Amino acid sequence: MANENDLLASLITKIKNDSLVLPTLPEVALQVRGATEKDDFAMEELADIIRQDPALATRVIRIANTAQFRRAAAVDSIQGALARIGTRQIRSLVTAAAMQQLFICSHPIIEDVMMTEWEESVSVSSAACLLLKAYVDSGGPNPRQLTNDGAQLAGLIHNIGVLPILAEAESMPEAITSPYLLKKVLHRLSQPLGLNILRSWGFNDDLLKVVRHWKDDSYQVDEPDYATFVRLGALSCGLLQRFDLDIDAMTEEAVAKGLIPHKDYFEDAVFTEPLAELKEAFEL
């Protein structure tokens, strides 16, 4: 009978042979990226693309009505949502919202693991976005011109490498005996596969650094980047404890660098309440 070692062996063989099938970016995200790169880009064209996917359209409207974007009355149309979010941010947000379509599976154990991975990605994404916003609003230097939507997207892709592993596992259902053993395979191979996926999607080095360094407590940069805030987001969500890192030291360092105002910030309602609202926009 096959087991997790057989799954691991199959994955390693396919990685070496460059035959492992990587996930493709959802078509609606590709259309949005293509539309927003054109010189004669029109907001109505973008609205038409998003309307093709009712679930995505609903999610975009919900995001536009979160505290991150809300200005006055709630919006209830795609045009209103896009006007509020702005052309600069919509591409990353649509890409992020469309990615949930990749986290679909029918095998019960794999489905549970996949849903956990998606929920954790949303938590990290939302936290990274809010932490960056709070940092910039407090006067923190931002020479890299990091954006809230960029941090949100960075959080969602930080562990994207789990997807081809879970897809391979679904093709070998007899090999999946427990969520714990499956997660051991994910932890071993998700980082290199995540880098391969982002390269195939044409994402830039700022996002590749996120995959490389989000759980690396030795990663240091002169000015904070997306990897900095994704790692901080993972810290705030309690995800780094599983990697035997010095959580207290990381928190103290974040305070010393002015990334968060105090060591208990992750339990402060100023942070937890908008975090819950932003996560709810992803139907969590």
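Output the Kirkwood hydrodynamic radius of the stretch 43-157, Cα pairs only, in Å rounded to one decimal. It would help to have the intermediate numbers written out before the result.
Details: mean 1/r = 0.0658 Å⁻¹.
Averaging 1/r across every pair of different Cα atoms and inverting gives 15.2 Å.
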(message) Among the listed pairs Lys133/Lys263; Lys184/Lys279; Lys184/Lys257; Lys183/Lys263; Lys14/Lys184; Lys38/Lys279, which have their C-alpha atoms separated by more than 23 angstrom in this model?
(response) Lys184/Lys279; Lys184/Lys257; Lys183/Lys263; Lys38/Lys279
(message) Quick check: pseudo-label points 7 Å beyond the Cα along Cα→Cβ at Glu119 and Glu37, how many nm apart are they?
(response) 3.6 nm
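Using a ≥ b ≥ c from the Cα gyration tensor of the chain (square roots of the eigenvalues), is it rounded, prolate or oblate, where a/c under 1.5 gives rounded and otherwise the larger of a/b and b/c decides, a/b for prolate? Intermediate values should be presented prior to the final figure.
Numbers: a/c = 1.74, a/b = 1.19, b/c = 1.47.
In terms of gyration-tensor shape, oblate.
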(request) Express in whole angstrom the spacing between the alpha-carbon centres of the stretch 132-186 and the stretch 11-53. (result) 18 Å
(message) Just to check I understand the Karplus step: with θ = phi - 60° and J = 6.51 cos²θ - 1.76 cosθ + 1.60, what whole-Hz values come out for the stretch 121-136, glycine and proline as x?
(response) 5, 5, 4, 5, 4, 5, 5, 4, 4, 5, 5, 5, 4, 5, 5, 5
(request) Could you bin all the Cα-Cα distances of the stretch 117-179 into 5 Å bins starting at 0 and give me the percent of pairs in each, rounded to whole numbers? (result) 4, 17, 19, 15, 13, 10, 7, 6, 5, 3, 1
(request) Determine the gain in length on full extension of the stretch Val21-Tyr219; use 0.36 nm per residue of separation and subtract their C-alpha separation, reporting nm with one decimal. (result) 68.2 nm
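Provide the net charge surrounding Ile15, with neighbours chosen by a C-beta distance below 12 Å and charges set as Lys +1, Arg +1, Asp -1, Glu -1.
Values: positive: Lys14, Lys16, Arg188; negative: Asp18, Glu168.
Counting the neighbours of Ile15, the net charge comes to +1.
I'd like the FRET efficiency for Phe243 and Asp112, computed as 1/(1 + (r/R0)^6) with the beta carbon distance as r and R0 of 30 Å, rounded to 0.05. Walk me through the intermediate numbers first.
Numbers: r = 21 Å, r/R0 = 0.71.
According to the calculation, E is roughly 0.90.
Any read-out appearing in this document is the output of simple, stated calculations on the displayed coordinates, not a laboratory observation. Remember, it's a predicted structure, so these values are computed and weren't measured experimentally. Cβ atoms come from the backbone with ideal geometry, glycine included; neighbour counts cover every protein chain shown.
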